[in-house]
Amino acid sequence: MIQLKNVTKVYNKGIQALTNTNLTIEKGEFVFLVGPSGAGKSTFIKLLLKEEEPTEGNIILDGQDITKLSRRKIPYLRRNISVVFQDFRLLPNKTVFENIAFAMEVVEASPKEIRRQVPMVLAMVNLSDKAKQYPHQLSGGERQRVSIARAIVNNPALLIADEPTGNLDPETAWEIMKVLKQINRRGTTILMATHAKDIVDTMQQRVVALEKGRIVRDEHRGAYGYED
Ligand SMILES: Nc1ncnc2c1ncn2[C@@H]1O[C@H](COP(=O)(O)OP(=O)(O)OP(=O)(O)O)[C@@H](O)[C@H]1O
């Protein structure tokens, strides 16, 4: 599914964010990406989304070397990879239904498909009764569930979650984790960058730890491994 081969990323100012990184993530895995602030987690995610280019090395997604992908083909990449952010990033002037529908309109789905898919993903995240609400009328946990529904509505192979529970209280964070695990059980590969020690320790999934741009740990049924 994802393969990084000798990936190095040096930013303009000479900061080396990733150094000679090698990693393989198989289809259907659930992987936590952990490490101290500045370790390179966001850089890792930006490279997968082609928001940044590696200085050296190759990134293979679904058998395709995305480092060789032309700018023109990036929208196709984005259909297969979806992202959920810490700050939800919902459109404030659209309802819950419209926020999710918009992600389908962007990839030119038909109105019929939209009418079928949106209620289905809303049911999956347990928000069928909130379809007509606007984001400001929802709690943080509900907003995050909308953003997850939006992220999965086009059936991506890979869901990247960048600190998805960072703005939520512990109980609400667990609701989000339940939803992510359920999506993973349906076959979607999940990569989640997080500082949530309790969640990582309890879920016992694969843990990849980055420090100063290097993978220092890669454990199946791993733990968070830091004190924060
Ligand atoms: N656009 C950029 N230009 C220059 N340096 C950058 C840029 N983005 C990140 N860096 C640097 O690269 C290193 C890795 O940063 P990155 O954001 O990937 O870390 P992180 O593990 O995601 O941290 P956090 O947990 O705080 O989000 C840091 O030293 C950071 O200052």
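Taken together, the values in this text are just the output of simple stated rules run on the coordinates, not laboratory data. These numbers come from a predicted model, not from an experiment. Virtual Cβ from ideal backbone geometry, glycine too; neighbours counted across all protein chains shown.
Volume per residue for the chain equals 127 cubic angstrom (convex hull of Cα atoms). In this calculation the C-beta distance from Asp198 to Met120 is compared with R0 = 22 Å, giving a FRET efficiency of 0.10.
Order these by the 10 Å Cβ neighbour count, fewest first: Arg71, Arg78, Arg115. Please report the intermediate quantities before stating the final value.
On the way: Arg71 7, Arg78 16, Arg115 12.
In increasing order of surrounding Cβ atoms, one gets Arg71, Arg115, Arg78.
Annotation: for a label point projected 7 angstrom from Cα along Cα→Cβ of Asp218, residues of segment 10-30 with backbone N closer than 16 Å are 18-30. The helix-only estimate of mean residue ellipticity at 222 nm for the chain, built from DSSP H runs of length n ≥ 4 each weighted as -39500 (n - 2.57), is -10000 deg cm²/dmol after division by the residue total. As a proxy for reagent exposure, ranking Val118, Val10, Val106 by other Cβ atoms within 10 Å from fewest up yields Val106, Val10, Val118.
Placing unit charges on each Cβ (+1 for Lys and Arg, -1 for Asp and Glu) gives the chain a dipole about its Cα centre, and among Val83, Ala223, Val34 the Cα reaching farthest toward its positive end belongs to Val83.
Sequence-distant contacts, meaning Cα pairs under 8 Å at least 6 residues apart, place the relative contact order of segment 2-219 at 30 percent.
Summing Cβ point charges (Lys, Arg +1; Asp, Glu -1) relative to the Cα centre of the chain gives a dipole of roughly 760 debye.
With respect to the cross-link table entries Lys132/Lys181; Lys46/Lys68; Lys46/Lys212; Lys112/Lys132, which display a Cα-Cα separation exceeding 23 Å? Display every interim value, and only then the final one.
Values: Lys132/Lys181 26 Å; Lys46/Lys68 16 Å; Lys46/Lys212 16 Å; Lys112/Lys132 18 Å.
Over 23 Å Cα-Cα: Lys132/Lys181.
Positive-end ranking of His136, Val106, Thr189 along the dipole of segment 2-219, with charges on Cβ about the Cα centre, is headed by Val106. Against the chain, whose longest principal axis is taken from its Cα atoms, helix 111-124 shows a tilt of about 70°. What are the aspartates and glutamates whose alpha-carbon lies under 13 Å from the alpha-carbon of Lys5, with same-chain residues fewer than 8 places away excluded? Within reach: Glu56, Asp65.
Remark: C-alpha extents of segment 151-209 on the principal axes read 29, 23, 17 Å, sorted largest to smallest. Magnitude of the charge dipole for segment 185-228, about its Cα centre and with charges confined to Cβ atoms of Lys, Arg (+1) and Asp, Glu (-1), is about 300 debye.
Computed from the Cβ-Cβ distance with R0 of 35 Å, the FRET efficiency linking Glu211 to Asp65 stands at 0.85.
Which loop trypsin sites (Lys or Arg not before Pro) in segment 1-70, with loop taken from DSSP, have no more than 16 other Cβ atoms within 10 angstrom of their Cβ? Walk me through the numbers on the way to the answer.
Details: sites: Lys5, Lys9, Lys13, Lys27, Lys41, Lys46, Lys50, Lys68; in loops: Lys13, Lys27, Lys50.
Taking segment 1-70 and a limit of 16 other Cβ atoms within 10 Å, the loop trypsin sites (Lys or Arg not before Pro) found are Lys13, Lys27.
For segment 76-174, GluC sites (Glu not before Pro) meeting the loop criterion (DSSP other than H, G, I, E, B) and having at most 13 other Cβ atoms within 10 Å: Glu108. Annotation for segment 128-196: trypsin sites (Lys or Arg not before Pro) lying in DSSP loop with at most 13 further Cβ atoms inside 10 Å of their Cβ are Lys132, Arg186.
Per-residue Cβ neighbour counts within 10 Å put Ser42, Ser128, Ser70 in the sequence Ser70, Ser128, Ser42, beginning with the fewest.
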